[in-house]
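Taken together, the values in this text are just the output of simple stated rules run on the coordinates, not laboratory data. Just so it is clear, the structure is predicted and the values come from calculations on it, not from any experiment. Glycine gets a Cβ as well: all are built from the backbone with ideal geometry, and neighbour counts include every protein chain shown.
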Amino acid sequence: MDNNQNDLPHLGLLAEYETPEALMAAAEKVRDGGYKRWDTHTPFPVHGIDEAMGIKNTILPWIVLGAGAAGTVTALVLQYWTNAVAYPFLISGKPLFSWVPAFPVTFELTVLFAGVTTLFAMLGLNRLPRLHNPLFNVKRFARATQDRFFLAIDSQDPLFNDSSAKALLAGTGASAVEEVPDDNSATTPPMWMLQAFVAFAFLTFIPIGIIVGSWKSTSDKPAWHFVWDMDFQESYRTGEQVPLFENGMAMRAPVEGTIATGELFASSSYFRGVLDDETLDKAQADRSASEYVEFAPIAATRPTLERGQERFAIYCAPCHGDSGYGDGIVAERATSLIATGGANGWVPPTNVTTPVIASQPDGQLFDSITNGIRNMPGYGKQISVDDRWAIVLYLRALQRGANATIDDVPQSERGGL
């Protein structure tokens with residue numbers, strides 16, 4: 001077989017088919033013939049054509065994997081160097097470098113390296129962009145985007161022989177087999193394109209040079225302000241007149257219902273459970289008077305008691321028990337540990353139905369829930385003010401139920417006891 005490529009008068013052969021099934025059968029025959037440099041062209045995707053052509057997986061996934069790994073390593077090294085080496089900054093004893101906060105940047109650089117590499121590696125492996133293909137000089141090839149299917153064998157294939165290749169394609173049922181003429185088109189980009197690329201490459205060094213030159217230099221000239229209104233925003237003093245608002249005042253009136261910082265507890269009886277300043281001054285005249293409010297400042301309605309029962313079951317019952325006797329599941333667990341020598345220093349929860357607790361004013365119970373007492377933590381940040389008062393009212397219901405007498409039962413229902 002004569003494989004001297006210099007004696008070939010054309011660049012290859014082009015076969016035309018009318019159906020995708022015919023193209024698939026032809027592709028299988030060319031594949032089985034051992035040809036390597038050939039391709040198919042269809043107006044729409046033909047499922048199974050890759051298997052028919054014997055196309056194998058490319059090296060592209062491995063290139064992308066390597067680029068992603070390089071992005072991961074680059075991100076981790078960069079963050080470690082900036083945070084732990086070049087610019088160490090201690091914050092409350094936290095480590096200078098930790099992979100958890102470094103993960104977002106690492107993820108982004110991994111995706112960036114992999115994505116950019118995918119694009120350029122795909123172009124390189126496919127030898128793109130290609131400004132011209134000799135197949136475009138074949139008139140019938142224009143129908144490759146309409147209603148015809150084509151198979152082209154490159155004359156640079158090691159097995160290519162003009163007569164045998166034509167016989168093979170003719171035997172595949174091709175409606176036409178045509179030579180691809182050599183139009184002597186340049187395989188390299190035009191000179192003007194190369195010159196433009198070189199000029200652009202040199203121009204990219206200009207901003208880099210400016211940055212490097214300004215890195216450690218000093219100047220008595222002001223910095224460039226590209227966004228003037230962001231660098232020099234207008235500001236006004238309190239009470240100054242400005243034309244921006246209708247009333248001409250720079251300061252805006254607070255939204256109705258807002259409370260200034262530090263003034264939230266203006267009503268001490270509601271927010272803290274203690275007497276207001278004026279009432280407290282009068283109470284101090286009598287040393288026996290307590291500073292706590294005697295009764296809750298909200299009404300003991302059925303919805304309020306049900307809300308208090310719900311909050312009590314969530315926050316209080318685990319230690320104090322559902323009935324308030326101090327026999328919750330936490331207390332039971334501590335008791336079992338004490339029996340085996342564990343839970344040293346355990347202080348049992350208080351029975352909130354005892355007369356000692358029942359004699360406390362509502363404000364004191366509210367304060368204990370808010371700020372905690374002894375080993376009990378405060379729940380002021382977890383339970384709202386209304387819910388804390390609802391729990392106090394529910395505690396009163398538990399205390400009354402635990403210490404009830406026959407006189408507390410309505411006359412009509414005493415017979416059923």
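Annotations
- Descending semi-axes in whole angstrom, ellipsoid equivalent of the stretch 302-405, from the Cα gyration tensor: 24, 16, 13
- Per DSSP, loop chymotrypsin sites (Phe, Trp or Tyr not before Pro) in the stretch 116-212 with at most 15 further Cβ within 10 Å: none
- Helix axis angle, 302-315 relative to the chain longest principal axis, alpha carbon, degrees: 70 degrees
- Above-threshold pairs, the threshold being 23 Å between Cα atoms, out of Lys36/Lys166; Lys36/Lys56; Lys29/Lys56; Lys56/Lys139: Lys56/Lys139
- Cα gyration tensor, the chain - rounded (a/c under 1.5), prolate or oblate: prolate
- Surface/4 of the Cα convex hull for the stretch 1-184, nm²: 15.2 nm²
- About its Cα centre, the stretch 94-175 has a charge dipole of approximately 240 debye under the convention of +1 per Lys or Arg Cβ and -1 per Asp or Glu Cβ, with nothing else charged.
- Calculated mean residue ellipticity, 222 nm, the chain: -12500 deg cm²/dmol, from DSSP H runs (n ≥ 4) at -39500 (n - 2.57) each, averaged per residue and rounded to 500.
- Applying the Kirkwood pairwise sum to the alpha-carbon positions of the stretch 344-395 produces a hydrodynamic radius of 11.7 angstrom.
- Cα-centre dipole for the stretch 302-405 with unit charges at Cβ (Lys and Arg positive, Asp and Glu negative), debye to 20: 80 debye
- Lys, Arg +1 and Asp, Glu -1 on Cβ, resulting dipole of the stretch 1-184 about Cα centre, debye, nearest 20: 820 debye
- In summary, the convex hull built on the alpha carbon positions of the stretch 129-262 has an orientation-averaged projected area of 25.2 nm².
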